[in-house]
């Protein structure tokens with residue numbers, strides 16, 4: 001059960017957590033990641049995506065993770081549009097039999113989402129001016145830890 | 001904000017997720033782990049603890065993680081008593097500025113909780129007989145990945 | 001043939017797409033970049049020359065030598081900053 | 001002086017604690033294990049000889065040479081299986 005959604009509405013992390021699919025017989029571990037807008041020096045954040053390609057790209061990262069670790073369910077919801085400080089940007093959950101697979105797959109999908117999903121952030125500074133956020137070299141290096149051909 | 005609780009009542013993971021402390025200015029990442037009773041071949045699970053030592057031991061693991069990574073808040077709630085298949089056993093959340101610290105600290109605390117917190121599982125098989133669960137060598141090896149002196 | 005632009009590139013273009021006649025469809029991505037650089041403002045032209053600016057063909061990131069046909073969906077965008 | 005037992009060891013003892021006279025308080029953990037092995041059933045005695053069975057003194061895991069006094073809280077338990 002792999003699912004990806006792009007949402008213009010605020011993410012209800014508590015409801016997503018409650019409804020995340022699990023098997024009472026087989027799911028021993030669920031790892032979630034939630035990314036939030038950090039309000040340091042900014043008054044708002046806006047996210048733009050490439051409809052269709054963004055969803056497919058995240059799904060590709062999930063399938064790539066599922067070939068590496070025995071995961072049962074993976075769900076990603078990514079916010080777009082304008083967000084205030086403290087709002088969730090992205091929620092990701094991985095269900096697996098055991099925790100090692102759940103932790104690794106969750107971190108892997110986030111690392112690849114960061115460098116491969118067409119999403120772009122702009123920040124509004126405290127004077128009200130919008131600036132595009134530069135991509136981080138560190139994100140690319142982090143994703144490379146997992147070795148080559150990860151998205152293939 | 002580090003907190004540890006042992007609960008005789010079922011864990012409400014959704015409410016715990018909703019109430020987990022965050023700073024709108026500084027928290028960019030929250031990683032959670034939830035462990036569940038896997039129902040394969042068992043009809044129930046029971047957990048016993050050492051009141052006082054169990055809480056302190058988990059808190060020691062949290063402090064040890066906080067010395068290694070810049071985390072802002074860590075919360076652990078561990079269930080004891082009798083549980084049915086599919087019920088959460090443990091919930092752990094880590095809030096940090098960035099995801100790398102949140103992922104590492106979350107996995108570290110789980111690894112150390114497994115080998116250092118006085119908690120013991122019994123399983124009831126499908127015939128109704130209770131059996132103590134043996135400790136896994138793999139858990140010890142997993143915790144050792146983090147290097148020596150981790151709990152010191 | 002519509003060429004889509006996203007984020008900073010869209011702002012530089014002042015529009016989210018740029019049209020070229022189907023008959024003018026270039027042979028590959030490199031040729032498309034070269035053609036576009038002659039038609040857009042200096043700042044966007046500079047961005048199109050940047051190897052860190054991606055080209056996607058039919059919603060997959062494409063290399064410079066990927067061949068093009070006029071029915072392809074082509075897009076240019078800067079490095080991703082989601083998550 | 002009360003010695004606490006948990007999990008499988010508690011079941012083998014048939015009780016969650018074992019009392020010894022304060023005056024009989026052994027010098028260290030190794031001496032306590034040896035003393036207890038003479039007082040309990042064979043299965044529990046075997047477990048107490050197992051180096052994988054932990055001894056905690058005042059709620060901290062203790063080595064065999066840790067000295068004891070009669071006011072210490074001492075506990076024995078098998079390897080942990082929580083989480």
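Given the conditions (1) more than 9 Å from every other protein chain (Cβ to nearest Cβ); (2) within 16 Å of residue B:38 (Cβ to Cβ), report the number of the one that residue B:94 does not fulfil.
Condition (2) is where residue B:94 drops out.
Just to confirm my filter: which strands (runs of 3 or more DSSP E) fall fully inside region D:12-83 and include at least 3 residues that are touching a residue at least 60 places away in the same chain (Cβ under 8 Å)? So that I can check it myself, show each step before the final result.
On the way: elements: D:17-19, D:54-57, D:74-77.
Qualifying strands (runs of 3 or more DSSP E): D:74-77.
For region A:45-63: of the residues being more than 10 Å from chain C (Cβ to nearest Cβ) and either without any contact (Cβ under 8 Å) to a residue 40 or more places away in the chain or touching a helix residue (DSSP H, G or I) at 6+ places or on another chain (Cβ under 7 Å) (or both), which is surrounded by the fewest Cβ atoms within 10 Å (Cβ to Cβ)?
Restricting to residues being more than 10 Å from chain C (Cβ to nearest Cβ) and either without any contact (Cβ under 8 Å) to a residue 40 or more places away in the chain or touching a helix residue (DSSP H, G or I) at 6+ places or on another chain (Cβ under 7 Å) (or both), the top hit is A:62.
Could you tell me whether any residue of region B:72-85 is within 14 Å of chain D (Cβ to nearest Cβ), under 23 Å from residue A:23 (Cβ atoms) and in contact with a helix residue (DSSP H, G or I) (Cβ under 8 Å, 6 or more places away or on another chain)?
yes
I'm told residue A:109 meets every condition in (1) touching a helix residue (DSSP H, G or I) at 6+ places or on another chain (Cβ under 7 Å); (2) crowded, with 19+ Cβ neighbours inside 10 Å; (3) more than 10 Å from chain C (Cβ to nearest Cβ); (4) within 30 Å of residue B:40 (Cα to Cα) except one. Can you identify the failing condition by its number?
Only one criterion in (1) touching a helix residue (DSSP H, G or I) at 6+ places or on another chain (Cβ under 7 Å); (2) crowded, with 19+ Cβ neighbours inside 10 Å; (3) more than 10 Å from chain C (Cβ to nearest Cβ); (4) within 30 Å of residue B:40 (Cα to Cα) is unmet by residue A:109, namely (3).
Would you say residue B:140 is over 21 Å from residue B:87 (Cα atoms) and touching a residue at least 24 places away in the same chain (Cβ under 8 Å)? Before the answer, list the steps.
On the way: over 21 Å from residue B:87 (Cα atoms): yes; touching a residue at least 24 places away in the same chain (Cβ under 8 Å): yes.
Criteria met by residue B:140.
Give the residues of region A:20-40 that are out of contact with any helix residue (DSSP H, G or I) (no Cβ under 8 Å at 6 or more places or on another chain) and facing another protein chain (nearest Cβ under 9 Å), sorted by residue number. Can you show your working first?
Here is the first cut: in region A:20-40, the residues out of contact with any helix residue (DSSP H, G or I) (no Cβ under 8 Å at 6 or more places or on another chain) are A:20-27, A:36-40.
If the condition is that a residue be out of contact with any helix residue (DSSP H, G or I) (no Cβ under 8 Å at 6 or more places or on another chain) and facing another protein chain (nearest Cβ under 9 Å), then A:22, A:23, A:24, A:25, A:26, A:27, A:36, A:37, A:38, A:39, A:40 are the ones that fit.
Exactly one condition in (1) surrounded by fewer than 19 Cβ atoms within 10 Å (Cβ to Cβ); (2) within 14 Å of chain A (Cβ to nearest Cβ); (3) in contact (Cβ under 8 Å) with a residue 40 or more places away in the chain is not met by residue B:12; state its number.
(3)
In region A:114-126, is there at least one residue being modelled with pLDDT of 95 or more, more than 14 Å from chain C (Cβ to nearest Cβ) and within 25 Å of residue B:37 (Cα to Cα)?
no
Evaluate the following for residue D:23: is it under 28 Å from residue B:142 (Cα atoms), away from chain B (no Cβ under 14 Å) and surrounded by fewer than 13 Cβ atoms within 10 Å (Cβ to Cβ)? It would help to see each step written out before you state the result.
Working: under 28 Å from residue B:142 (Cα atoms): no; away from chain B (no Cβ under 14 Å): yes; surrounded by fewer than 13 Cβ atoms within 10 Å (Cβ to Cβ): yes.
When the stated conditions are applied, residue D:23 does not pass them.
Does residue A:89 count as within 14 Å of chain C (Cβ to nearest Cβ) and touching a strand residue (DSSP E or B) at 6+ places or on another chain (Cβ under 9 Å)?
Taking the combined requirement at face value, the residue satisfies it.
Only one residue in D:67, D:81 is under 16 Å from residue B:54 (Cβ atoms) and at pLDDT 95 or above. Which one? Working first, answer last.
Numbers: D:67 fails: under 16 Å from residue B:54 (Cβ atoms).
Within the list D:67, D:81, the selection yields D:81.
Just checking, which of A:121, A:114 is out of contact with any strand residue (DSSP E or B) (no Cβ under 7 Å at 6 or more places or on another chain) and within 20 Å of residue B:30 (Cα to Cα)?
On the way: A:121 fails: out of contact with any strand residue (DSSP E or B) (no Cβ under 7 Å at 6 or more places or on another chain).
That would be A:114, the only listed residue that is out of contact with any strand residue (DSSP E or B) (no Cβ under 7 Å at 6 or more places or on another chain) and within 20 Å of residue B:30 (Cα to Cα).
The values are calculated or read from the model by the stated rules, or taken from the named source; none is laboratory data. These figures come from a predicted structure and were not determined experimentally. Positions of Cβ are backbone-derived with ideal geometry, glycine not excepted, and every protein chain shown enters the neighbour counts.
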